[in-house]
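Everything below concerns the one structure shown next.
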Amino acid sequence: MKKLASLLVLVFAFTMTAQAQKKYKKKHKEKMTAEQQANLAVKKMALALELSASQQRQVKPLILAQVNDRRAAYEKMKKHREEKKELSADERYKLANAKLDNQLAFQRKMKSILNEAQFEKFKKMKKGRKMKRGKAMKRKKMMKKHKEHKERKEKKEE
């Protein structure tokens with residue numbers, strides 16, 4: 001019995017140490033600069049859409065602006081979370097409206113840069129990313145519901 005208890009304590013300690021290291025690595029990972037992110041995105045787009053060098057030069061500033069806007073929005077939301085401040089319905093509406101306006105402007109600019117075939121492929125790629133992100137969100141919600149259900153069940157048993 002003592003061996004079993006000591007084994008359980010050892011396994012528990014090992015698990016907690018491993019999880020703490022993962023969290024530390026995730027928090028302290030160096031982030032790429034906006035320029036680096038934009039370069040990678042443009043190269044991926046060039047591979048997928050077969051962009052010419054001229055098109056790549058035209059797309060890069062658009063992607064860079066998008067990366068910078070996304071970072072600014074992330075920092076703003078992070079600040080709100082740290083202050084534990086909820087956004088009002090009007091603020092959420094304004095943010096969502098501005099985001100959609102930016103997406104429409106980006107799409108119009110991309111349409112002027114890309115040819116018809118490239119633009120159709122671009123729209124399909126964008127739709128595919130949304131579908132993938134939607135599935136990940138569903139999975140996350142399901143895991144959360146499962147965890148809550150499990151916790152409620154454990155409370156009932158106690």
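The values are calculated or read from the model by the stated rules, or taken from the named source; none is laboratory data. The shown structure was predicted, so the numbers you read here are calculated from the model rather than taken from an experiment. Positions of Cβ are generated from backbone atoms using ideal geometry, with glycine treated the same way; all protein chains shown enter the neighbour counts.
Screening A105 against (1) within 20 Å of the chain's Cα centre (by Cα); (2) loosely packed, with under 13 Cβ neighbours inside 10 Å leaves a single unmet condition, (1).
Count, please, the residues in the stretch 108-124 that happen to be polar (S, T, N, Q), assigned to a helix (DSSP H, G or I) and surrounded by 11 or more Cβ atoms within 10 Å (Cβ to Cβ).
Summing the residues that are polar (S, T, N, Q), assigned to a helix (DSSP H, G or I) and surrounded by 11 or more Cβ atoms within 10 Å (Cβ to Cβ) in the stretch 108-124 gives 1.
If you take the residues in the stretch 27-77 that are exposed (fewer than 14 other Cβ atoms within 10 Å of the Cβ) and aliphatic (A, V, I, L, M), which one is nearest to G128 (Cα to Cα)? Here the residue is A48. Of the residues in the stretch 92-103, none is part of a helix (DSSP H, G or I), at pLDDT below 85 and basic (K, R).
Conditions (1) in contact with a Pro (Cβ under 9 Å, 6 or more places away or on another chain); (2) part of a loop (DSSP other than H, G, I, E, B); (3) of a type outside the set (S, T, Y), marked per residue:
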| site | (1), (2), (3) |
| --- | --- |
| K43 | no, no, yes |
| L47 | no, no, yes |
| S54 | no, no, no |
| L62 | no, no, yes |
| A65 | no, no, yes |
| N68 | no, no, yes |
| H80 | no, no, yes |
| K85 | no, yes, yes |
